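Heads up, the thing below is written out as structure tokens.
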Amino acid sequence: MKALVWHGTADVRYDTVPDPEIEQPRDAIVKVTSCAICGSDLHLYDHFMPGMEKGDILGHEFMGEVVDVGAEAKSALKVGDRVVVPFTIWCGECDQCRRGNYSVCERSNRNKAMADKLFGHTTAGLFGYTHLTGGYAGGQAEYVRVPFADRTHVKIPDGLTDEQVLFLGDIFPTGWQAAAQCDIQPTDTVAIWGCGPVGQMTIRSAILLGAKQVIAIDRVPERLSMAKAGGAITINFEEESVVERLNELTGGKGPEKCIDAVGMEAHATATLDSMYDRAKQALALESDRAHVLREMMYVCRPAGTLSIPGVYGGLIDKVPFGMSMNKGLTWRMGQTHVNRWTDDLLRRIQEGQIDPSFVITHSVGLADGPGMYQTFRDKRDGCIKVVLKP
Amino acid sequence: MAYYRRNSSADRMARGLGWFSIGLGVAELVAARRLARWMGMEEQAGLIRTYGAREVATGVGLLAMGDARPWMWGRVAGDALDLATLASAHHDGNPRRENVATALGAVAAVTALDVLCTAMLHREEATAWTPPRDYSDRSGLPRPPAAMRGAAKDAPIPADMRTPDILRFEPAEV
């Protein structure tokens, strides 16, 4: 079969690889009908995330049709079912899964020992996202092996297009969880850093959950125009001061809830601290750029909440932790517990409350994937979200 | 917003010059006195060290920052400074005048490369610029956002994601 394969920094190729097969009784094989490039794939593309190996198949946002089912998954899935596959693989039986903490499933990471060593305790297995999270082949491919498939799926009813439901596998629940874990109240101002695909979903989620005011921060004009369309007040950080504008919009008190939808690759030319981060990163003295975290800690109203769906990979430097402690800020973060949210979100899509396909700006064949990685990474051609069709 | 395309020939050249800058800068930092002696500029060792620090900073900027152009302009300005400093040492009273001439030639060659690279980066920017797309019709919501505000207030937010009452910002009940 054909797949997008990681070969090194900024080197993704459309290769021929072996077809996946059922390896465990709870597996299923899914023929991919649509997949997407996620913002967090760019951390792999730029090789800021450790644990990638040449030959790894990328992709963790995908959906398709079940074409083969292992013996123990047959009670939940059958050939012909149309499914979205969550990027977090969950067993449904461990202590964490029973609590709904699917992104830290204790059993789905087959490289548990490696993750135990690095993180202290393992987190869940993820599709196409380094050997630290299991080294599973990803979904930017014609076929995918889905482990723990009896749990790790969202069944899609007839009448919905791929484009409407594809993002249930990642960016929609990720944006939703980012807003939900802020416990948004009708009096809240929610500031969101980053208007990429997750930021866009977060904006809509915050509006639907009833925030009084949603403020979106970015520098890319087309992203800002899409953010505005979703109901956000926008701040272009290259044109005005984020701190001053947020204070102005909140009567000097600061937003109650701040969301980092950027992660480890914060833009590196706007401020001195981000230049410092980027320089340290280039010299391998630091893994992540923490500008957004610092700015959130600074502007957030005391006793407010910081929500972090943006992906971080390792070490950050010069984070004013004392500021956070003294202001009594609550930090909430983590990979998305996808299936916690999907039943509710699927219903909202079916009822027409939201159509997540608004975010798609580019739809191309899988073979064009390598070029689209570069287009998406460099924010060229108005690119906000790429869907690939194998 | 500045346009820059990583992996273009201009960008690769800029990165190459970034590594060169770091290498030269480190050499100037650690061997400033020896370099100064070689060029008959013994009293200028401190200045050479300062130039070394400048080279390292410019090199890191070229490697680390997205838009290479300001850093390339920094290199061009630095080249001018180097040429002026070397020219001032290129006089009959300097017994190492020939070495200074060699250094002048090397810096002039690098200056030409820097100017070429800067011009290529600017040409790339000029040819690649397109007006930003307008996505103001892409709300994803069936009605205007103001009308959709709070439409999902009934969403099941689990207890572990609820804010403790004491940290809520709702107006205090009287």
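Per-structure values
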{"read-out": "In region B:128-150, residue farthest from A:Phe167 (Cα to Cα) [restricted to those that are in contact with a Pro (Cβ under 9 Å, 6 or more places away or on another chain) and open to solvent by less than 80 Å² (accessible area, probe 1.4 Å)]", "value": "B:Pro132"}
{"read-out": "Count - residues of region A:349-382 that are at pLDDT below 95 and open to solvent by less than 30 Å² (accessible area, probe 1.4 Å)", "value": "5"}
{"read-out": "Residue within region B:119-131 that is within 10 Å of another protein chain (Cβ to nearest Cβ) and over 30 Å from B:Trp19 (Cβ atoms) present", "value": "yes"}
{"read-out": "Which numbered condition B:Val115 misses (of (1) within 14 Å of another protein chain (Cβ to nearest Cβ); (2) out of contact with any Lys or Arg (no Cβ under 6 Å at 6 or more places or on another chain))", "value": "(1)"}
{"read-out": "Selection status of A:Lys117, outside any strand (DSSP E or B), more than 27 Å from A:Val12 (Cβ to Cβ) and among the basic types (Lys, Arg)", "value": "yes"}
{"read-out": "Failed item, numbered, when A:Tyr276 is tested on (1) in a helix (DSSP H, G or I); (2) open to solvent by 40 Å² or more (accessible area, probe 1.4 Å); (3) away from every other protein chain (no Cβ under 11 Å)", "value": "(3)"}
{"read-out": "Extreme residue, surrounded by the fewest Cβ atoms within 10 Å (Cβ to Cβ), among residues of region B:151-163 that are outside any helix (DSSP H, G or I) and among the charged types (D, E, K, R)", "value": "B:Asp154"}
{"read-out": "Matching residues, region A:307-338, being within 17 Å of the chain's Cα centre (by Cα) and open to solvent by less than 40 Å² (accessible area, probe 1.4 Å)", "value": "A:Ser307, A:Ile308, A:Pro309, A:Gly310, A:Val311, A:Gly313, A:Gly334, A:Thr336, A:His337, A:Val338"}
{"read-out": "Selection status of A:Glu106, open to solvent by 40 Å² or more (accessible area, probe 1.4 Å), charged (D, E, K, R) and over 23 Å from A:Tyr45 (Cβ atoms)", "value": "yes"}
{"read-out": "Pairs with Cβ under 6 Å, 6+ apart, first in region B:115-137 and among the aliphatic types (A, V, I, L, M), second surrounded by 14 or more Cβ atoms within 10 Å (Cβ to Cβ)", "value": "B:Met120/B:Ala10; B:Leu121/B:Ala10; B:Leu121/B:Ala68; B:Leu121/B:Arg69; B:Ala128/B:Tyr3"}
{"read-out": "Output for region A:187-225, where each listed residue is at the interface with chain B (Cβ under 7 Å from one of its Cβ atoms) and not polar (S, T, N, Q)", "value": "A:Asp188, A:Arg204, A:Ile207, A:Leu208, A:Leu209, A:Gly210, A:Arg219, A:Val220, A:Pro221, A:Glu222"}
{"read-out": "Filter result (open to solvent by 30 Å² or more (accessible area, probe 1.4 Å) and closer than 22 Å to A:Leu345 by Cβ) within region A:112-149", "value": "A:Phe148"}
{"read-out": "A:Tyr373 vs. criteria among the hydroxyl-bearing types (Ser, Thr, Tyr), closer than 23 Å to A:Ala216 by Cα and in contact with a strand residue (DSSP E or B) (Cβ under 9 Å, 6 or more places away or on another chain)", "value": "no"}
{"read-out": "Enumeration of residues in region A:279-291 that are open to solvent by 10 Å² or more (accessible area, probe 1.4 Å) and touching a residue at least 40 places away in the same chain (Cβ under 8 Å)", "value": "A:Gln281, A:Ser287"}
{"read-out": "Any hit, region B:11-25, residues being outside any helix (DSSP H, G or I) and at pLDDT 85 or above", "value": "no"}
{"read-out": "Among residues of region A:315-374, those that are of a type in the set (Gly, Ala, Ser) and assigned to a loop (DSSP other than H, G, I, E, B), counted", "value": "3"}
{"read-out": "Hits in region A:232-247 (condition: within 13 Å of A:Thr189 (Cβ to Cβ) and open to solvent by 20 Å² or more (accessible area, probe 1.4 Å))", "value": "A:Ile233, A:Arg245, A:Asn247"}
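The rows are residues; the columns are (1) at positive phi; (2) surrounded by 15 or more Cβ atoms within 10 Å (Cβ to Cβ); (3) free of Cβ contacts under 8 Å to residues at least 60 places away in the same chain.
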residue	(1), (2), (3)
B:Asp11	no, yes, no
B:Arg34	no, no, yes
B:Met41	no, yes, yes
B:Gln44	no, yes, yes
B:Ile48	no, yes, yes
B:Ala53	no, no, yes
B:Gly59	no, yes, yes
B:Arg75	no, yes, yes
B:Leu86	no, yes, yes
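The values are calculated or read from the model by the stated rules, or taken from the named source; none is laboratory data. Since we're looking at a predicted model, the values are computed, not measured. Using ideal geometry, Cβ is built from the backbone for each residue, glycine included, and neighbour counts are taken over all protein chains shown. Surface areas here come from the heavy atoms of the whole protein model, side chains and all, with no ligands, DNA or RNA. Shrake-Rupley method; radii C 1.70, N 1.55, O 1.52, S 1.80 Å.
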